[in-house]
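Before any comments, here is the structure.
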Amino acid sequence: MAYLIAGHHAGLADWFGGLDVRLSDPSSRAELKESLDEHPPADLLNAGDFKPDLCAVPGGKDGFALWVRMLFSALVDADFLDTERYMDPEKFANRNAWPTLEEVAPLFDAHMERLAAGVKPTSVNALRADILRQCREAAALDASLFSLTVPTGGGKTFSSMAFALEHARCRGKRRVIHVIPYTSIIEQTASDFRVIFGDAVIEHHSNAESDPAKETAASRLACENWDAPIIVTTNVQFFESLFASRTSRCRKLHNIVDSVVVLDEAQLLPPEFLQPILDVLNLLTRHYGVTVVLSTATQPALASRQYFDARQNLRGLDDVREIIGDPDALYAALERVNVRLPADWHQPTDWPQLAEALIAHESALAIVNTRKDARALWKAMPQGTLHLSALMCGAHRSDVIKDIKARLKTDPPIPMRVVSTQLVEAGVDVDFPVVYRALAGLDSIAQAAGRCNREGLLDGKGEVIVFVPPKPAPPGLLRQGENACRDVLRDATGSPLARARFAQYFERLYHGCQLDREGICDDLFMAGGRLDGRELAVSFRTASEKFRLIDDEDSLPIVVRYRGKDGRNAEIDKWLAMLRRDDPQRWLMRKLQRYIVNLPRREALPLLEQGDIEEILPGLYSQTGDGLYNEKLGLLPEGREWKAENFIWTSESA
């Protein structure tokens, strides 16, 4: 009760150094005495025969922290809503007008029937239809942990929604929460769902458009507490909220109860936070009526494991039920590529060599590991080669991807070559006959293969060529993925992407990682017994500060002037002027998110010193003049003195 009452405005506090100090402070004791001297009603103070028992808490001692957060969520949401009902009745009236999942399910069925009627009768489309059927049939199963293992291009997004809607109907679930790793994917997925469900879809992430002309009053309100039937959000929003301490972030948690949570691209759960994530998923599925679907082409190894070194043990997700009846047969049927591995795992290919290989193909996609590598390879390519990386703002990337898709859909497709970082590997439905992939994690290679012969329209199979880049990936998860992949594939026979290899790969990857790098489980799930014996001593605020899937402190957000084909630069200038003149408005900040590039602090500070960027709000920066943002490459970390026209092209224009 102390955590909840003391925190309902300021947020949940740590016990040690927080609430324990506050409750023992002389002024607090004096305030308590004054209140007792006023003789409050006896029944307010009399606990009767109630005796606290941690065994009654969902999950016991290890579930105490989440239970408090759930209670906290219900309290602060009720507090917000009660205040809103009194202060702004019109705003309050816009709430709770949502259709139920049962009411929106026919919209989905009708949409899928229209899609089925319009697709070509290919073998790939027949397999997608069968995957959809299996998802609908498995939805009636009595389980709370499912895996949906489907090769890239098998239609997982709509099939997982079909499962979620039918499972909700059979098991009385209240909403569907579709969780996606990248903001570059979420906008397209939310748009696809909105075509089907209309305003019943809430898109909640840092880049969501919130222009009043495009967003209803009800949808803005629902983003605060997730009371809509269908939520599309990111890993960052979903998991950081489950470990949050602030009222605004926790307010939605009680609405996760009795929901179907689809974790799209589940292999991208961050290893350094994997143990606390799996612990909280186990609590949600065992005690809060949540069903979780792990949807991916490359299932991670998330079952419990024990090692001689107990520090490497994993408390995992056990009793996971696979939706697809025979995943191995499905993988064999959807095999559309040949994967060529390096002849020598230690012999790198330099960028000019790779450029020569790419030039030999009319259309090809090359995927590299870093933004720096993408620029280096692009510079070695013929003029007209397209470039994709996170140095380009979201609006710019969307325009390039739209252009790529348009060229691929022509008959015959317009020849083109594309150099990209791994951002193209998830949720970007492009289809190239040839894909080159820099050595990376096995899951990344599989995702790259999903951009090759995706629709199975080639006479034979597509070609995926894995090469060793000039330099290994930087230390960290990328390097660990490279090493684990090399270990698994070095002496492998048969298909490099055989389904069984992914369990081996992820076991090796996780074994080399700290699965609770920040010690969050010590702060939360097992805090009591490891401190001084006080079972309820939880470090809520400390855990919240540690659980950061994206470390914002290491990068600076910069609003760039991307002109685009429709001259949007004028709008950006107008929005920036509004930001300087007025207080920040939510819709305006969300508009500008589409034009933000996050640059590592070490690269951004020199730009600030030389005047290429300026701080327009605390923590938000803006490009000061022309020349810093290139229409092909995006933001130029070297500054505006670096000119794209200084390139010496290595071949004739493409």
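The values are calculated or read from the model by the stated rules, or taken from the named source; none is laboratory data. Just so we're clear, the structure is a prediction, and the values are computed from it rather than from any experiment. Every residue, glycine as well, gets a Cβ built from its backbone with ideal geometry; the counts of neighbours run over all protein chains shown. Ligands, DNA and RNA are excluded from the accessible area calculation, which covers all protein heavy atoms including side chains. Shrake-Rupley method; radii C 1.70, N 1.55, O 1.52, S 1.80 Å.
Residues in the range 394-409 include none that are open to solvent by 10 Å² or more (accessible area, probe 1.4 Å) and either in a loop (DSSP other than H, G, I, E, B) or at pLDDT 95 or above (or both). Take the conditions open to solvent by 10 Å² or more (accessible area, probe 1.4 Å) and either within 17 Å of Glu240 (Cβ to Cβ) or within 20 Å of the chain's Cα centre (by Cα) (or both) and apply them to Leu274. Does it pass? So Leu274 fails the test. All of (1) open to solvent by 60 Å² or more (accessible area, probe 1.4 Å); (2) hydrophobic (A, V, I, L, M, F, W, C); (3) touching a residue at least 24 places away in the same chain (Cβ under 8 Å) hold for Leu314 with one exception: (1).
Identify, please: which residue in the range 178-220 is in a strand (DSSP E or B) and β-branched (Val, Ile, Thr) and is, among those, modelled with the highest pLDDT? Top of the filtered list is Val179. Could you list, in sequence order, the residues of the range 155-177 that are of a type outside the set (A, V, I, L, M) and outside any helix (DSSP H, G or I)? Result: Gly155, Gly172, Lys173, Arg174, Arg175.
Suppose the filter is farther than 24 Å from Asp491 by Cα and aliphatic (A, V, I, L, M); does Leu341 pass it? Full working, then the answer.
Values: farther than 24 Å from Asp491 by Cα: no; aliphatic (A, V, I, L, M): yes.
Spelling it out, it is not the case that Leu341 is farther than 24 Å from Asp491 by Cα and aliphatic (A, V, I, L, M).
Scanning the range 87-106 for residues that are buried (at least 16 other Cβ atoms within 10 Å of the Cβ), in a helix (DSSP H, G or I) and either out of contact with any helix residue (DSSP H, G or I) (no Cβ under 8 Å at 6 or more places or on another chain) or touching a residue at least 24 places away in the same chain (Cβ under 8 Å) (or both) yields Leu101, Val104, Ala105. Of all residues in the range 450-499, those satisfying the criterion of being open to solvent by 10 Å² or more (accessible area, probe 1.4 Å), aliphatic (A, V, I, L, M) and under 23 Å from the mean Cα position of the chain (by Cα) are Leu477, Leu478.
Listed by position, the strands (runs of 3 or more DSSP E) contained in the range 223-303 that have at least 2 residues being modelled with pLDDT under 95 are 230-234.
Could you list all residues from the range 63-86 that are open to solvent by less than 40 Å² (accessible area, probe 1.4 Å) and within 14 Å of Leu253 (Cβ to Cβ)? Hits for the range 63-86 are Gly63, Ala65, Leu66, Val68, Arg69, Met70, Phe72, Ser73, Val76, Asp77.
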